[in-house]
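The values are calculated or read from the model by the stated rules, or taken from the named source; none is laboratory data. Just so it is clear, the structure is predicted and the values come from calculations on it, not from any experiment. We place every Cβ from the backbone using ideal geometry, glycine too, and count neighbours over all the protein chains shown.
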Amino acid sequence: MFIHAIEVASQFTRPIHSIQGYYGSVEVIPGAASLFFVNADGWALTCKHVAALIVNGDKIAKRKSDFEADFASMRGKKKDKQILKDLEKKYALSRNELFEIRNSFINCIEGPLSFQIVAHPDFDVALIHFTNYTKLHPHSFPVFPRKTVGLKQGKFLCRLGFPFPEFSNFTYDQITDSIQWANTGKDVTPIFPIEGMLTRHLLSQSGQVFGFEMSTPGLRGQSGGPAFDFEGQVWGMQSATNHLDLDFDVDKAVLRNGQKKHVHDTAILHVGHCIHVDILKSFMTQHSVQFQEV
C-alpha cells in the first residue's frame with residue numbers, strides 16, 4: 001500500500017543521531033530523531049523540541065567545561081569531595097542530570113557543518129538551514145498538496161523516521177571523562193514506517209487547527225519525520241504521542257501453562273500527534289523557503 005510512497009519519502013528523510021551522558025555515569029545512551037529536506041537550498045523541517053536538543057547541546061557542553069575548569073582551579077585548596085559537593089550545588093548537578101550530548105546529521109551534507117535554526121513561536125515546528133556545504137546529499141524533495149481540504153477523518157497516512165537506533169559508533173573515553181563518536185561500530189540505523197488513520201484534528205487555544213491525531217502512535221525517533229499519503233505527498237509532520245485512557249482495567253484470574261495467575265492491567269491507547277501541512281507551508285512561506293506543491 002505504501003511501498004512506493006516510502007521509497008519516495010526515504011529520498012529526503014534523514015536521521016539525527018545523538019549520544020547522551022549523565023553526570024556521574026559512564027554509560028552512553030544512543031538516541032535518534034528525524035528531519036526531512038524540502039529543497040535543494042539546504043532547508044529542512046523538523047520539530048522544535050528536536051531543534052532545542054541541538055541548540056541545548058552547546059549550553060550543556062559549556063556547563064561541563066565550566067564545571068571541569070572550576071574543579072581544576074580549586075583542587076588542593078580543600079578535599080576533592082567537598083569541592084565536588086560545592087560545584088554540584090553551583091551547577092545544579094545530580095546523578096540524573098544530563099551532562100553531555102553530541103549530535104550527528106547523517107547523510108545530509110558533505111563539507112563543514114554550518115546551519116541556522118528558525119523555531120516556530122507557537123507550534124512544534126522548526127526550520128534548519130544548512131549552509132557552506134560542498135554537497136547536499138538529498139537530490140529529490142517532497143511535494144505538498146496545494147489544497148488541503150481532503151485532510152479529514154478516515155484518511156490513511158504513513159509516517160517515517162528512525163525510532164530504533166542501532167548505531168554503535170560511540171564510546172566513553174576514560175582519559176577525557178567524556179562521551180565520543182568512534183570510528184568503529186555500526187554508523188547507520190534503519191528507517192522505520194508506521195501507518196495510521198486520521199482520527200481527529202488538533203486545535204490551539206484560539207481554535208486554530210494546527211495538527212491532527214492518528215490512530216497509531218508516533219514512535220520515539222520519528223519526531224520530525226514526514227506524514228505522507230499513498231503517492232508520497234506530505235500532509236504533515238510527526239510531533240508527539242498522546243496516551244488515551246480506555247477505562248478497561250483488568251483484575252482477573254487466568255491460567256497460564258496450567259498455573260493460576262492474577263493479571264492486573266490498564267489499557268491505554270497511544271495515538272500520534274502530527275503538525276498540519278498548512279502550518280508547515282505557512283511557516284516556510286513566512287521565511288521565504290521554497291517548496292513544491294501540486
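Structure notes:
- Complete set of residues in segment 245-281 that are among the aliphatic types (A, V, I, L, M), assigned to a strand (DSSP E or B) and more than 30 Å from Asp122 (Cα to Cα): Val250, Ala253, Val254, Leu255, Val263
- Where a residue in segment 142-159 is exposed (fewer than 14 other Cβ atoms within 10 Å of the Cβ) and its partner, wherever it lies, is hydroxyl-bearing (Ser, Thr, Tyr), with Cβ under 7 Å and at least six apart: Gln153/Thr199
- Test result for Gly111, over 30 Å from Met197 (Cβ atoms) and in contact with a Lys or Arg (Cβ under 6 Å, 6 or more places away or on another chain): no
- Test result for Ser223, among the hydroxyl-bearing types (Ser, Thr, Tyr), in a loop (DSSP other than H, G, I, E, B) and without any contact (Cβ under 8 Å) to a residue 40 or more places away in the chain: no
- First in segment 25-50 and over 20 Å from Ala9 (Cβ atoms), second anywhere and of a type in the set (S, T, N, Q) and part of a strand (DSSP E or B), Cβ under 6 Å, 6 or more apart: Ile29/Gln20; Gly31/Ser18
- Taking the numbered list (1) touching a residue at least 12 places away in the same chain (Cβ under 8 Å); (2) more than 29 Å from Gly24 (Cβ to Cβ); (3) surrounded by fewer than 16 Cβ atoms within 10 Å (Cβ to Cβ); (4) not charged (D, E, K, R) in turn, Pro121 passes all entries but (1).
- Comparison of Asp251, Asp177 shows that the only residue that is farther than 26 Å from Leu35 by Cβ, surrounded by 13 or more Cβ atoms within 10 Å (Cβ to Cβ) and at pLDDT below 95 is Asp177.
- 2 or more residues touching a strand residue (DSSP E or B) at 6+ places or on another chain (Cβ under 8 Å): qualifying helices (runs of 4 or more DSSP H) within segment 1-116: 3-10, 48-74
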